[in-house]
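Reviewing the structure listed below.
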Amino acid sequence: MTQKVIIDTDPGQDDAVAILLALASPELEVLGITAVAGNVPLPLTQKNARIVCELAGRTDIPVFAGCEAPLKRQLVTAEHVHGKTGLDGIDLPDPRMPLQQTNAVDFIVDTLRTQPSGSVTLCPLGPLTNIAAAFQRAPDVAGRVQRIVLMGGAYFEVGNITPAAEFNIFVDPEAAETVFGSGVGLVVMPLDVTHKALVTRPRIEAFRSLGTKVGHAVAAWTDFFERFDKEKYGSEGAPLHDPAVIAYLLEPELFAGRRINVEIETRSDLTRGMTVADWWGVTDRKANAVFMGDVDAETFFALLVQRISSL
């Protein structure tokens, strides 16, 4: 039975790989892709989402543009990681497929209202602005979401944009606070997991050796993407963050975590955007998320290569 999903994203090389994994997986019915400002501004993220769909030969997937700024803050972007286009590493043609006229937030609301209640999974790969805006605009739709599987946050790995905060949550902590407090079942892929899924040289070459246009693009993106994190962390490769969300939908047994309480810090200048994860159960706050802590990286990358080989 196929799972109905909406992918909410700010592509980003790792977002692009996550989208490709979803489009290569017949178990998933991608109802639409909603773009949000994050890694790069909205005009680029909505364009990049369409570029990835065309690369995959899936011009049937509707792409919507959503929020161009966080709910209450100035936009912080990450060109220092992803390059000025967000998809630096390979030159791909501008998309010919159209951007949908409907706003992404309206699409999320309308889809959750028209699809059977409890049948749609939301898959945010960037800041949570679009999802929070949908819940604020139409509070009834939160109760119709099957679950939210998101990439964001960190606990043991602490922060990658500030000492305390992961980028996606830091960009719009108020949106994250809304989503984490929404009552929807959450599965969280934090840096604690993604930093265990490193794109090493052999893993990049496995994509390149597919000998396909898509395989070449993934290798080029991961080649570009890894230079920043290898230098920063001194690791043998860069973490490939966002595909963990899609991999969980396909093979949840690859991941291990705990159902715990996670709160979002919005007030402190020092720790703004921190995901305060009660991993050890030291508070009496109610559990609101399955917070992942480990991944079988070898099987994760084998799944990625196998699926992407079909595009």
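Quick notes on this structure:
- Helices (runs of 4 or more DSSP H) fully within the stretch 35-148 counting 2 or more residues that are at pLDDT 95 or above: 42-55, 104-114, 129-137
- Of all the numbered requirements in (1) charged (D, E, K, R); (2) assigned to a strand (DSSP E or B); (3) closer than 29 Å to residue 27 by Cα; (4) in contact (Cβ under 8 Å) with a residue 40 or more places away in the chain, residue 307 misses one, and that requirement is (2).
- Positions within the stretch 280-292 being closer than 21 Å to residue 128 by Cβ and either surrounded by 14 or more Cβ atoms within 10 Å (Cβ to Cβ) or among the aliphatic types (A, V, I, L, M) (or both), in sequence order: 287, 288, 289, 290, 291, 292
- Scanning the stretch 43-81 for residues that are under 25 Å from residue 212 (Cα atoms) and of a type in the set (Val, Ile, Thr) yields a count of 6.
- Every pair of residues 6+ apart whose Cβ atoms lie under 7 Å, when the first sits in the stretch 103-121 and is in contact (Cβ under 8 Å) with a residue 24 or more places away in the chain while the second is aromatic (Phe, Trp, Tyr): 103/64; 104/64; 107/64
- Hey, residue 229 at pLDDT below 95 and in contact with a strand residue (DSSP E or B) (Cβ under 8 Å, 6 or more places away or on another chain) or not: yes
- Total residues in the stretch 172-194 satisfying the condition of being of a type outside the set (Gly, Ala, Ser), within 24 Å of residue 69 (Cβ to Cβ) and part of a loop (DSSP other than H, G, I, E, B): the figure is 2.
- Pairs where the first residue, in the stretch 263-289, is within 18 Å of residue 160 (Cβ to Cβ) and the second is modelled with pLDDT of 95 or more and of a type in the set (Phe, Trp, Tyr), C-beta under 7 Å, 6+ apart: 264/180; 272/170; 273/170; 275/155; 277/155; 277/291
- Check on residue 247, surrounded by 21 or more Cβ atoms within 10 Å (Cβ to Cβ), within 20 Å of the chain's Cα centre (by Cα) and either more than 26 Å from residue 13 (Cα to Cα) or among the polar types (S, T, N, Q) (or both): no
- Of residues in the stretch 146-169 being under 17 Å from the mean Cα position of the chain (by Cα) and under 17 Å from residue 109 (Cα atoms), the one surrounded by the fewest Cβ atoms within 10 Å (Cβ to Cβ): 147
- Looking only at residues of the stretch 208-224 that are in a helix (DSSP H, G or I) and not hydrophobic (A, V, I, L, M, F, W, C), we find that the one that is surrounded by the most Cβ atoms within 10 Å (Cβ to Cβ) is 222.
- Subset of the stretch 253-279 (residues that are outside any strand (DSSP E or B) and either surrounded by 13 or more Cβ atoms within 10 Å (Cβ to Cβ) or on the phi > 0 side of the Ramachandran plot (or both)): 254, 261, 265, 266, 271, 272, 273, 274, 278, 279
- Qualifying position, being free of Cβ contacts under 8 Å to residues at least 24 places away in the same chain, of a type outside the set (S, T, N, Q) and touching a helix residue (DSSP H, G or I) at 6+ places or on another chain (Cβ under 6 Å), among 175, 197, 219: 219
- Restricting 83, 66, 89, 38 to those that are buried (at least 22 other Cβ atoms within 10 Å of the Cβ), in contact (Cβ under 8 Å) with a residue 60 or more places away in the chain, closer than 27 Å to residue 239 by Cβ and out of contact with any strand residue (DSSP E or B) (no Cβ under 7 Å at 6 or more places or on another chain) reduces the list to 38.
- Residue check, residue 59 farther than 28 Å from residue 190 by Cα and β-branched (Val, Ile, Thr): yes
- Scanning the stretch 171-185 for residues that are more than 23 Å from residue 119 (Cα to Cα) and surrounded by fewer than 24 Cβ atoms within 10 Å (Cβ to Cβ) turns up 174, 177.
The values are calculated or read from the model by the stated rules, or taken from the named source; none is laboratory data. Bear in mind the structure is a predicted one, so any value in this text is a computation, not a measurement. All Cβ positions, even for glycine, are placed from backbone atoms using ideal geometry, and neighbour counts span all protein chains on display.
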